[in-house]
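Trainee: Dropping a structure here in structure tokens format, bear with me for questions.
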């Protein structure tokens, strides 16, 4: 991949996104039909079942744990349209507002930060008349590198600002980790007198890359969706950058892109966060951030916390952001597992927060249970391959088949979304993604249990930065 590969992330390529509901329907037919067929082939008279058979049959109820999320995903899949939800036109900023592209980094993945800044400097000035790039990091980093970001080109001297969070900075609730830096940046904007209703903040991670569609999607949201009362939005993140650096983690992250087009489209339709958000590709008006803040105390899912509190304080102001953000998968299995472990810690942190309403905690709990169920589910599936037993009840073949078909489809569609920007998509890579599920699923399940079993000592470990 070239040093400035983001130059290929053009609007024309973005608008080539296509989608067929028929594909998903075929997955459902194959999944449900296959589940019913296997159940018929494995059926035996009750008197012929041993004690082991009964245990293995009833153990399959664990497969139902994913069904609620599968139903939500299926609803999202059937409800999105590339033309309506992704298609963009070129347009220059025509109203009075400022966009701040904010990259929050601990300073370890410096090359990634540099790429992100340069991608903004390449695409943003073509369409935005008033924008800035804020790189928010800690005081103890290598400042020589970060100061050089201001000297990338003539434009960077004007728009790039490096914000160093003082070592002795403390929030009232003693917030730690990334949320501490986010809160400091918010307070700095307030101190500098940025207009809360004319300033929009676009959050990026240190490995985030913007394309032409990213910038145009931001303009579209501010100048169209905000007129409908939508003051915060999120859309699709794809993991196109350095795809295949580690083939297994790239295949595993297909589910993330597939999940985005269902979860965030569904949340946009409702107007509220119900099932978490990403901490990047997040656009909001500054007055929303001022009201909610980031001073949450000890929490490693500050993004989800923020999203849930936006709904609590503002109601239904959540919208769909059309452009994509381009990111990358971890380069090793070790970093992949550490990343998922941190996500589990973050979800568990949310359950302990009194500010979050019970109904949303129950959604988070359902997600945790579903995630934890993936490991026993795959183990039971492996056993069933060598020792075939029927399902607990013939009717359970429908939710079982629906769930596995939806999960497989999210990997299928996510693979296409991740590869399409690089023009490396092929039906064979998508088939490979499905065939890799017996390996990917245990990795996800092991990571979840690893996170749960290490939560008691997670405060000593803190917030791990994933090296990319």
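Trainee: Could you count how many residues in the range 296-335 are surrounded by fewer than 23 Cβ atoms within 10 Å (Cβ to Cβ) and more than 30 Å from residue 222 (Cα to Cα)?
Mentor: The qualifying residues number 7.
Trainee: Okay, moving on. Across the range 385-408, which residue is modelled with the lowest pLDDT among those that are assigned to a helix (DSSP H, G or I) and farther than 18 Å from residue 65 by Cα?
Mentor: Of everything passing the filter in the range 385-408, 385 is modelled with the lowest pLDDT.
Trainee: Is it fair to say residue 338 is in a helix (DSSP H, G or I), surrounded by fewer than 18 Cβ atoms within 10 Å (Cβ to Cβ), at negative phi and not assigned by TED's automatic domain parsing to the domain that holds residue 448?
Mentor: Working: in a helix (DSSP H, G or I): yes; surrounded by fewer than 18 Cβ atoms within 10 Å (Cβ to Cβ): no; at negative phi: yes; not assigned by TED's automatic domain parsing to the domain that holds residue 448: yes.
Against the criterion (in a helix (DSSP H, G or I), surrounded by fewer than 18 Cβ atoms within 10 Å (Cβ to Cβ), at negative phi and not assigned by TED's automatic domain parsing to the domain that holds residue 448), residue 338 does not qualify.
Trainee: Step by step: first the residues of the range 289-303, then only those that are in a helix (DSSP H, G or I) and in contact with a helix residue (DSSP H, G or I) (Cβ under 6 Å, 6 or more places away or on another chain), then the one that is nearest to residue 345 (Cα to Cα). Which residue is that?
Mentor: Step by step, filter the range 289-303, then rank; the result is 302.
Trainee: OK, next. Can you confirm whether the range 61-80 contains a residue that is part of a loop (DSSP other than H, G, I, E, B) and either closer than 20 Å to residue 403 by Cβ or not assigned by TED's automatic domain parsing to the domain that holds residue 194 (or both)?
Mentor: yes
Trainee: Let me ask another. Kindly evaluate residue 17 against the criterion of being surrounded by 13 or more Cβ atoms within 10 Å (Cβ to Cβ), in a loop (DSSP other than H, G, I, E, B) and in the same structural domain as residue 380 (by TED's automatic domain parsing).
Mentor: It is true that residue 17 is surrounded by 13 or more Cβ atoms within 10 Å (Cβ to Cβ), in a loop (DSSP other than H, G, I, E, B) and in the same structural domain as residue 380 (by TED's automatic domain parsing).
Trainee: Let me ask something else. Within the range 149-238, which strands (runs of 3 or more DSSP E) (wholly inside it) include 3 or more residues that are at pLDDT 95 or above and surrounded by fewer than 20 Cβ atoms within 10 Å (Cβ to Cβ)? Can you show your working first?
Mentor: Numbers: elements: 160-165, 199-204, 232-238.
Passing ranges, in order: 160-165.
Trainee: Of all residues being touching a residue at least 40 places away in the same chain (Cβ under 8 Å) and assigned to a loop (DSSP other than H, G, I, E, B) in the range 102-144, which is nearest to residue 167 (Cα to Cα)? Just the residue, please.
Mentor: Within the range 102-144, the subset touching a residue at least 40 places away in the same chain (Cβ under 8 Å) is 102-106, 108-109, 112-113, 115-120, 122-124, 126-128, 134, 136-138.
Narrowing further to those that are assigned to a loop (DSSP other than H, G, I, E, B): 105-106, 108-109, 128.
Details: 105: 15, 106: 13, 108: 17, 109: 20, 128: 34 Å.
Going through the qualifying residues, I end up with 106.
Trainee: Here are 206, 151, 187: which of them is closer than 30 Å to residue 461 by Cα and free of Cβ contacts under 8 Å to residues at least 12 places away in the same chain?
Mentor: Being closer than 30 Å to residue 461 by Cα and free of Cβ contacts under 8 Å to residues at least 12 places away in the same chain holds for just one of 206, 151, 187, which is 187.
The values are calculated or read from the model by the stated rules, or taken from the named source; none is laboratory data. It should be emphasised that the depicted structure is a prediction, and the values quoted were computed from it without experimental measurement. FYI the Cβ positions are ideal-geometry reconstructions off the backbone, even for glycines, and counts take in every protein chain you see.
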